[in-house]
Amino acid sequence: MRLSADFYTGVRRDLRARLQAAELDGVLVTAPADVAYLCGFFYAVTERPVYLWFGTEPGRDFLVLPHLDTEYAEAQEVDVELVTYPEYPGVVSAEQHLADQLTARLPQARIGYSQGVAVGVLTTWQRLMGEATFMPFSGLATMRLRKRPEELVFHRAAAEVCDDMLAAGRALVEEAWRAGTPLPTESDIARHVIGHGTDELYRRFDHVIYTTKLAGGLVYAGPNAARPHGLPSARRLQAGDTFILSLGAAAASRFVESERTFVLGEPTPEQERYFSVAVQAQETGTQAMIAGRRCAEVNRICLDVIRDAGMGQYLRHRQGHGIGIQQHEAPWVEDGDPTVLEPGMVLSSEPGIYVPGHGGYRISDTVLVTEAGPERLTQYPRTLEQNVIA
């Protein structure tokens, strides 16, 4: 589950060119996903800060990290200098260790920082490195928009696991339904699919790494399915329910989402109507994800299908978002994002219809933008006929 040394070489070459163009001596990286992207260090996020200095001068990059993580960084073959501090908050803070290293090397450095840096952290840096100049820098975020071929290998592996998780969740419900035993609760299904996905990733890879989680699952059934992003409850599935399995998995922390709506028993005309519009919107929106088109336009094309069907009042969210080393990241397939789609971008396509008191209908695939058009990475069947548990 490691990316190759060539991957990190290419990423760093690209970033150095962007830093030089911005007339910066380097960038301070604090976000766990950015640290992992640049040097391959994946770690448990706690109150103990981790700071990566990446400069325009090759071979002088360093990582400030707690001493207890040293062996883990070495095991991950992190190839930058490790500067450790004993503990948090420490007699000498992590920020002071960082400042000591930087001021000794570049006392009047022009330092870039990402917009995700906390105001308190930035203020401390400025106080401790008074001769340095700090400038906002968006180059790293721009780089992460387009996935490299080495990353796509892991996105594809995660997509296979996601599809397996959907099958496992459906099988759990089918077995109880056909045996006449009590149907599982939302939380039963969530626990089952998360365990299945986690086990599958450990089966496939010898060394498992991730920034937030390996596998995740949200499950909504019946009226609860009209509330997207609600947590799974103790409600048991019931005959006639629509239920949504909203699942995700990550290989080498390259995420994928796959969501499907199922109907338990013979669908009613009302369920057929909502499901049909959800399928059409997802298909239209997915096919609209072509290079050269703006995110805002893709979102409009997709959601207009739902509006034109007279169901605009049941919209609760945008069509989708970028996916990469984080489950949700830029670009955003939404009216307010003018980003132009480019080959190599990985996006979710997940329009939804949410009818209060009745249920929800959401179908989601992870989509790769290519020169030839959109490519679905997730392949689980998505039509009503294929997702009725009869």
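Quick note: the coordinates plus some simple rules give every number you see, no bench work behind them. This is a predicted model, so every value here is computed, not measured. Every residue, glycine as well, gets a Cβ built from its backbone with ideal geometry; the counts of neighbours run over all protein chains shown.
Helices that extend 15 Å or more along their long axis by alpha-carbon positions and average at least 0.0 on the Kyte-Doolittle scale are, among the DSSP H runs of the chain, 149-179, 295-308.
Distance between the pseudo-spin-label points of T142 and E81 (7 Å out from Cα toward the beta carbon): 2.9 nm.
For the options L145, L68, L24, a Gaussian network treatment of the chain with springs between C-alpha atoms closer than 10 Å singles out L68 as fluctuating the most. Stretched out straight at 0.36 nm per residue, the stretch from A44 to E266 would grow longer than its current Cα-Cα span by 75.3 nm. For the chain, the mean residue ellipticity at 222 nm estimated from helices alone is -12000 deg cm²/dmol, where every DSSP H run of n ≥ 4 contributes -39500 (n - 2.57) and the total is divided by all residues, rounded to the nearest 500. Using Cα centres only, tell me the gap between segment 251-286 and segment 88-131 in whole Å. Rounded to whole Å, the Cα centres lie 47 Å apart.
Shape verdict for segment 5-144, please, from the Cα gyration tensor: rounded (a/c under 1.5), prolate (a/b greater than b/c) or oblate. Judged from the Cα gyration tensor, segment 5-144 comes out oblate (a/c at least 1.5, b/c at or above a/b). Sites listed here are GluC sites (Glu not before Pro) in segment 64-98 whose DSSP assignment is loop and whose Cβ has at most 13 other Cβ atoms within 10 Å: E77, E87. In a reduced charge model with +1 at each Lys and Arg Cβ and -1 at each Asp and Glu Cβ, the chain shows a dipole moment near 540 debye about its Cα centre. Largest GNM mean-square fluctuation across A250, A225, A372, computed for the chain with C-alpha springs under 10 Å, falls on A372. A Cβ-based charge dipole, computed about the Cα centre of segment 267-365 with Lys and Arg at +1 and Asp and Glu at -1, lands at about 140 debye. Does segment 257-346 come out rounded, prolate or oblate, given a ≥ b ≥ c as the square roots of the eigenvalues of its C-alpha gyration tensor, rounded meaning a/c under 1.5 and, failing that, prolate meaning a/b above b/c? Cα axes put segment 257-346 in the prolate bin. Of the residues V45, V208, V346, the one that moves most in a GNM of the chain with alpha-carbon contacts below 10 Å is V45.
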